[in-house]
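Have a look at the structure below, then the notes.
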Amino acid sequence: MANVKDMTKDIESLDPREYIIVKGASMHNLKNIDVALPHGRLIVMTGLSGSGKSTLAFDTLYGEGQRRYVESLSSYARQFLGRIDKPRVEYIKGISPAIAIQQKVNTSNPRSTVGTSSEVYDYIRLLYARVGRTYSPITGREVKKETTTDVIDYITSFPDGTQIEITARYVVPEGRTFIDAISNLSLQGYSRVRIGGQSVKIKDLLSFGVDYDMREFDLLVDRAVVHDDEGTRSRLSDSVNAAFYEGKGSMRVDIVSDEKEIYREFSDKYEADGITFIEPSIHLFSFNSPLGACPCCEGYGKILGIDETLVIPNTSLSVYQNAVAPWRGEKMGRWRDMVINTAEASLFPIHTPYYKLKDREKELLWKGCKYFGGIDDFFSMLEKESYKMHYRIMYAKYRGKTVCPECEGLRLRKEASYVKVAGRSITELVEMPLGELKEFFDNIELDSYQEKVAERLMVEIRTRLDFMCRIGLDYLTLNRASSTLSGGESQRINIATSLGSSLVGSLYVLDEPSIGLHPRDTEKLIDVLRALRDAGNTVVVVEHDADVIRAADVLVDIGPLAGNAGGEVVYCGEGKDIVNADTLTAKYLNGTLKIEAPQTPRPIRKYIEVKGAREHNLKNIDVRFPLDMLTVVTGVSGSGRVLW
């Protein structure tokens, strides 16, 4: 691409099908600039902070793209959208539909997660709804809803000539007598019932005229001889359907034999081991649906309860050292004394710091035992006696958002965890880091039916997981709340989602996507931006990172300085040629200017010391931060450096 001076000279002769042509841009501090950006390229806009690059990228390019999209809608639809002003520009030609991916967390919705915002979870729950199999939590056997075909296949598995009986357990409807019931069955064409194991003709019972005090009995629906032909199958199909209907979803097939009693019961209900299960559907695996959300937390994963971090603010203390905050007073200290005095009998380690306690020991402290009351018992006492002002105040002091005790933060009702694909439930998958989850789906083994049904879904899931891992997010989980992500993480998820959507011919405008990234992850980011470009899109990136600048197909340098001294295009050309230009950016890239490191380090006299840091993924770290000097905390994305 030619230098900006040449481009400005013949900008009106360029083809809008090949270039985005901006003429006379004067938004904010832009000084009536002209620029042409080729379609289908990775374009990086750089320059000093405040020079006007974001104004050109977002307020001008993206703003005009959005305005044209809104104007393409009907007048009825436009009334629900905010008015978008036309950017201060003479004209813009050749602009594509624009998508902005900015450096911010786009949602504060507590229901939004990494899985939902990246759309991966939508495909996974559809996979479970289509090919998932339900297993009983009691015996572990698969739960199946038996059909007429299953019954006929069972019957025809016996040799030709085998005599069979099809029966259904009939329950006399409310308001009817036994005689009324069998009279009605006789009118429907049924001739026999089974009472006390004996087959009795209905006409004989009616002739006796005796109204037995009986509320249920076995109805003999059909007697048949097994033949594997079309006529027999048709008759059996009618009989089985009638048996399911009369038996309210249950029926029985008896094999008539003098040697031994052979029978099998069938049910078209979705049940096993005395439990009625919910049939898998896409809503069962959605925590935004009343059908799938945990009834305790309503799909949020957290409830208002006793906050562990408030009850035990310093986890490095032991119970003996007053780790449990509400037990420190003189009156409430008796709860602590009870634990200490019975430690030998309960085998509770009272001198072990709380963070070193095993899960069963923590559970013992919270739940209590026959020797002492636990923390839960203590707060139950406060709640019970909340009519006392000081108890009510103390109870409120330790309340906060806590993990839902029923779903344990997984957001779904327990029935969803009974459905499995390749031996894994959906609640297990959402807790896996994305790197492990990708490996699971890459190596998943399905039977032929499941593979056929899930073929397209597996492509979408694998593609999106691959993009998210390539962009350096392999440490996140699908259940991670979107509101807890950093701006960079949120932006990279949006990039991965855009790649997964396979849009072509669009204009993507990104705001410094490399912020917070380690150089290792910056390389991954560049690969993904190139993939977005190679898919047929134009990618415009506002950026300061040297690696991203060097990777640009086209570089636009805005300057020469910031504010009123900026707003001009000082370079517009191929990225590799910037080193020969006379701009501040070029001088730092070619080494003419550099940030010199101090020759002698400043002596450390004072420092802030942190001992035993265990927030999130920090592993009991001790560290010192020197005062009166510049200290840098670095590491790969997700390593825990931001937690400091």
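The values are calculated or read from the model by the stated rules, or taken from the named source; none is laboratory data. Keep in mind that this is a model prediction, so the values were computed, not measured. Every residue, glycine as well, gets a Cβ built from its backbone with ideal geometry; the counts of neighbours run over all protein chains shown. For accessibility, only protein heavy atoms count, side chains too; no ligands or nucleic acids. Shrake-Rupley method; radii C 1.70, N 1.55, O 1.52, S 1.80 Å.
Tell me the Kirkwood radius of the chain: reciprocal of the mean inverse pair distance over distinct alpha-carbon atoms, in Å.
So the Kirkwood estimate lands at 31.8 Å.
Quick one: accessible surface of Ser639, probe radius 1.4 Å, all protein chains present, in square angstrom to the nearest 10.
Accessible surface of Ser639 is approximately 50 Å².
Taking all protein chains together and a probe of 1.4 Å, list Arg392, Arg411 from the most accessible to the least accessible.
Arg392, Arg411
Rounded to whole Hz and in sequence order, give me ³J(HN,Hα) for the range 310-323 from the Karplus expression 6.51 cos²θ - 1.76 cosθ + 1.60, θ = phi - 60°, writing x for Gly and Pro.
Values per residue, Gly and Pro as x: 7, 5, 10, x, 10, 6, 7, 8, 9, 4, 5, 8, 6, 5 Hz.
Using only protein heavy atoms and a 1.4 Å probe, report how much of Lys576 is accessible, in Å² to the nearest 10.
Its accessible surface works out to 150 Å², give or take rounding.
Normalised radius of gyration for the range 246-342, please: alpha carbon Rg relative to 2.2 N^0.38 Å, two decimal places.
Cα-based Rg divided by the globular estimate yields 2.20.
So what is the 222 nm mean residue ellipticity for the chain from helices alone, if each DSSP H run of at least 4 adds -39500 (n - 2.57) and you divide by all residues, rounding to the nearest 500 deg cm²/dmol?
That comes out to -9000 deg cm²/dmol.
Please list, in order along the range 584-596, the HN-Hα scalar couplings obtained from phi with the Karplus expression 6.51 cos²θ - 1.76 cosθ + 1.60 (θ = phi - 60°), rounded to whole Hz, x for Gly and Pro.
So the J values, rounded to whole Hz, are 4, 4, 4, 5, 6, 6, 8, x, 4, 10, 7, 8, 6.
If DNA, RNA and ligands are ignored and the probe is 1.4 Å, what is the ranking of Tyr76, Tyr69 by accessible area, most exposed first?
Listed by decreasing accessible area, they come as Tyr76, Tyr69.
Placing unit charges on C-beta atoms (Lys and Arg positive, Asp and Glu negative, everything else neutral), compute the dipole magnitude of the range 263-322 about its Cα centre in debye, rounded to 20.
Dipole size: approximately 140 debye.
Straight distance only, please: which lysines reach the Cα of Lys93 with their own Cα at less than 23 Å, same-chain residues fewer than 8 apart left out?
Lys5, Lys9, Lys23, Lys31, Lys53
Quick one: which residues, 5 or more positions from Arg480 or on another chain, have an amide H under 5 Å from its amide H? H modelled 1.01 Å from N in the peptide plane, none for Pro or chain starts.
Counting only residues 5 or more places away or on other chains, the set is Val114, Gly115.
Hey, if you put +1 on the Cβ of every Lys and Arg and -1 on every Asp and Glu Cβ in the chain, which of Val570, Gly115, Met432 ends up farthest toward the positive end of that dipole?
Going by the charge dipole, the pick is Val570.
Using Cα-Cα distances under 8 Å and only pairs 6 or more residues apart, what relative contact order does the range 170-235 have, in percent?
Reported relative contact order: 37 percent.
Would you be so kind as to identify which of Val226, Ile92, Ser183 lies farthest towards the positive end of the dipole of the chain, taking Lys and Arg as +1 and Asp and Glu as -1 on Cβ and the Cα centre as origin?
Looking along the dipole axis, the top candidate is Ile92.
Once phi is turned into θ = phi - 60°, what whole-Hz ³J(HN,Hα) does the Karplus curve with 6.51, -1.76 and 1.60 give for every residue of the range 560-576, x standing for Gly and Pro?
Whole-Hz 3J(HN,Hα) from phi for the range 560-576: x, 10, 9, x, 5, 8, x, x, 10, 8, 8, 7, 8, x, 5, x, 5.
Can you compute the modelled spin-label distance between Asn184 and Glu90, with each label point 7 Å from Cα toward Cβ, in nm?
Rounded to a tenth, the inter-label distance reads 8.8 nm.
Keeping every protein chain in place, order Arg67, Arg614 by accessible area at 1.4 Å, biggest value first, i.e. largest first.
Result of the area sort, largest leading: Arg614, Arg67.
Just how large is the dipole of the range 483-540 about the Cα centre, in debye to the nearest 20, putting +1 at every Lys and Arg Cβ and -1 at every Asp and Glu Cβ?
Dipole about the Cα centre, nearest 20: 100 debye.
Do you know the relative contact order of the range 90-213, to the nearest whole percent, from alpha carbon pairs under 8 angstrom that are 6+ apart?
Once normalised by length, the contact order is 12 percent.
What figure in square angstrom, to the nearest 10, would you give for the accessible area of Ile604 with a 1.4 Å probe?
110
Check cross-link reach from Lys401 to the lysines: straight Cα distance under 17 Å, and skip same-chain residues fewer than eight apart.
Lys302
What Kirkwood hydrodynamic radius, in Å, does the range 487-620 give when the mean of 1/r is taken over all pairs of distinct Cα atoms and then inverted?
Kirkwood hydrodynamic radius for the range 487-620: 17.9 Å.
Scan around Gly374 for amide H atoms under 5 Å from its own, H built in the peptide plane at 1.01 Å from N, and keep only partners 5 or more places away or cross-chain.
The answer is Gly368, Cys369.
Near the amide H of Asp222, under 5 Å away, which other amide H atoms are found, from residues 5 or more places off or on another chain, if H is placed in the peptide plane?
Ile166
Compute the distance from the alpha-carbon center of the range 440-493 to that of the range 595-633, in whole Å.
Taking the Cα centre of the range 595-633 as reference, the centre of the range 440-493 is 36 Å away.
If you place +1 on the Cβ of every Lys and Arg and -1 on the Cβ of every Asp and Glu, how big does the dipole about the Cα centre of the chain come out, in debye to the nearest 20?
2620
Relative contact order of the chain: what whole-number percent is it, with Cα pairs under 8 angstrom and at least 6 residues apart?
For the chain, the relative contact order is 22 percent.
To the nearest 0.05, what FRET efficiency results for Arg133 and Asn617 with a Förster distance of 22 Å applied to their C-beta separation?
0.05
Considering the dipole of the range 514-644 built from charges on the beta carbon (Lys and Arg +1, Asp and Glu -1) around the Cα centre, which of Val554, Ala586, Ser639 is farthest to its positive end?
Checked the options; the winner is Ser639.
Going Cα to Cα from Lys370, which lysines come in below 25 Å? Please leave out same-chain ones fewer than 8 positions away.
Of all the lysines, those that pass the test against Lys370 - Cα under 25 Å, at least 8 places apart if same chain - are Lys331, Lys356, Lys358, Lys362, Lys384.
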